[in-house]
Amino acid sequence: MRAPAPVRPRARRPARADDLAGWLAYADALHPQSIDMGLERVAVVRDALGLAPEFPIITVAGTNGKGSTCAMLESVLRAAGHVVGLYTSPHLLRYNERVRIDGVAAGDALLAAGFARVDAARGDIELTPFEFGTLAAMCVFVEAGLDAAVLEVGLGGRLDAVNAFDADCAIVTSIGIDHVEYLGHTREAIGFEKAGVFRARRTAISADPDPPPTIARHAWQIGARLLQNGRDYWVRRSGDEWALVHPGGEISGLPLPALAGDFQLDNAAAALLALHTLGPRLSVDADHRREGLQQVRLAGRFQRMRRDAVSPEIVLDVCHNPHAALQLAGTLAQHPAEGRTLAVFGMLRDKDIAGTARAVAEHIDGWFVAGLAERRGATAAEMAVALDAAEVHASVRLAATPVDALRLALHSATATDRVLVFGSFATVGAVLRELQAEAVAAA
């Protein structure tokens, strides 16, 4: 017998138009499903709003690397003096992180005004929370006088709300197996969905060094100008510098990105190539590229912290699928701990928990698995079952929450050990919030 669907709260408009929390709750309750793939609803409301951005748009899709690529695009554009809007998801601490203008998260009142505009224009159309938020973000961007916008796809590409806005240049980063219930069970099927952000006669960039053939096939079928890593452009590294070799020449003397991991070079190359193709509209010179790559920051991507000088290092990473875990494993190997590596690990139950754990297990000396209270969150017991299926050999301890798991791990760790916090955004966000609260209390 099928379990009844969870009861969603009744949608109630906030009493105050500037109440962002109220608008978020309203949007969350409006549609009977949290995810309902398709562009029809978004397109109707977009047109009702008259949203026709005149600034260039760079859209970024992919399984992993989207956030890093978006962050590098934003950083280089800002170094060049361009006013850039950045739309990303999900967030770690506050919803406002999803909508940034010139490097600053949009304020509550500005976002609430965007939600109010969308609500007034939608009529009786039931938007999902992500659709509502995407349209609200674009309302904010259109009013902000941007020079460019960087949009991160939420899920897939072809049917994602972000794809209701035509990309002047579209990037597909690495392709792995994730969200199979929506995108398919093979890299070929997933690649096709991601390539849906490409547009005819516009530049499309495939950053994966080994992409599924469906990406090139779709680009050819629609007449997009595809540039593919390893076929049309190349990364050439020499020590602490690297060069981007592309059809128009070479961009050399580039510094390594400030984001850790060799795989970040593929993301950086795609970002710089996108900006190069938009050069007539978005001027960027060598100094801007260097500054942007050296100054880029992104929370939750191999983010290294210490509570104090005698505490173990804490590393935060929103790695939540096997492909990302393999990249994390490589980065851990490049940055070995003096002592042990203890993992605080929590994921959503509809993810490949065992596969993610298995990919990084050889670098973990002890596991502290955490339950997540949100709707799709796995319990600590479910996490432990998945680790058993992954045949991990290190000890496993259970905790009710990520913060509880962090405390257990820190209590077990010495100053030379490392505590790795990874998995869901909810896991990393909970720990980051706790560490920030500790820092404020100690100040």
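The values are calculated or read from the model by the stated rules, or taken from the named source; none is laboratory data. Since this is a predicted model, take the numbers as computed values, not measurements. Every residue, glycine as well, gets a Cβ built from its backbone with ideal geometry; the counts of neighbours run over all protein chains shown. Surface areas here come from the heavy atoms of the whole protein model, side chains and all, with no ligands, DNA or RNA. Shrake-Rupley method; radii C 1.70, N 1.55, O 1.52, S 1.80 Å.
Return the ratio Rg/(2.2 N^0.38 Å) for the stretch 390-443, where Rg is computed over Cα atoms only.
It is 1.25.
Work out the length of the dipole vector of the chain about its Cα centre, built from +1 on the beta-carbon of each Lys and Arg and -1 on the beta-carbon of each Asp and Glu, and round it to the nearest 20 debye.
Roughly 440 debye for the chain.
Tell me which trypsin sites (Lys or Arg not before Pro) from the stretch 292-321 have a DSSP coil assignment and no more than 15 other beta carbons within 10 Å of their own.
Those that pass, being in a loop and sparsely packed, are ARG297, ARG306, ARG307.
Any idea what log10 I(q)/I(0) is at q = 0.12, 0.20, 0.24, 0.26 Å⁻¹ for the stretch 230-320, Debye with uniform C-alpha scatterers and no solvent?
Those come out to -0.45, -0.99, -1.25, -1.38, one per q.
With each label point set 7 Å from Cα along the Cα-Cβ vector, what nm distance links SER395 and ILE35?
3.6
Any idea what diffusion coefficient the stretch 163-234 gets from Stokes-Einstein, in µm²/s, Kirkwood Rh on alpha carbon pairs, 10 °C, 1.306 mPa s?
For the chosen part, D equals 131 µm²/s.
Evaluate Rg over Rh across the stretch 1-123, taking Cα atoms for both radii and Kirkwood's formula for Rh.
1.00
For the stretch 274-378, what does the relative contact order come out to in percent, with C-alpha contacts under 8 Å and a separation of six or more?
22
I'd like the GluC sites (Glu not before Pro) in the stretch 8-104 restricted to DSSP loop residues with at most 13 other Cβ atoms within 10 Å, sorted by number.
Listed in order of number, the matching sites are GLU54.
Between GLY423, GLY156, GLY253, which gets the highest mean-square fluctuation from a Gaussian network model of the chain, Cα cutoff 10 Å?
GLY253
Counting alpha carbon pairs within less than 8 Å and at least 6 residues apart, what relative contact order, in whole percent, applies to the stretch 219-308?
Dividing the mean separation by the residue count of the stretch 219-308 yields 22 percent.
Considering Cα pairs under 8 angstrom that are at least six residues apart, work out the relative contact order of the chain and quote it in whole percent.
That works out to 14 percent.
Can you tell me how the stretch 290-357 classifies by the Cα gyration tensor, rounded, prolate or oblate, using a/c under 1.5 as the rounded cut?
Because a/c hits 1.5 or more and a/b fails to exceed b/c, the stretch 290-357 counts as oblate.
Where nothing but the Cβ of Lys and Arg (+1) and of Asp and Glu (-1) is charged, how large is the charge dipole of the stretch 255-344 around its Cα centre, in debye to the nearest 20?
180
Across 20 Å bins from the origin, how do the percents of Cα pairs in the chain run, short distances first?
For the chain, the binned pair fractions read 25, 58, 17, 0 percent.
For the chain, what is the mean residue ellipticity at 222 nm derived from helices alone (per DSSP H run of n ≥ 4: -39500 (n - 2.57); sum divided by total residues; nearest 500 deg cm²/dmol)?
-12000 deg cm²/dmol
In square angstrom, what is the accessible area per residue of the chain with a 1.4 angstrom probe?
It amounts to 42 Å² per residue over the chain.
Whenever you get a sec, compute what percent of the accessible area on the chain sits on carbon and sulfur atoms (1.4 Å probe).
51
Which peptide among 268-279, 357-368 comes first, and what is the full order, when sorted by highest mean count of other Cβ atoms within 10 Å?
So the order, starting with the most tightly packed, is 268-279, 357-368.
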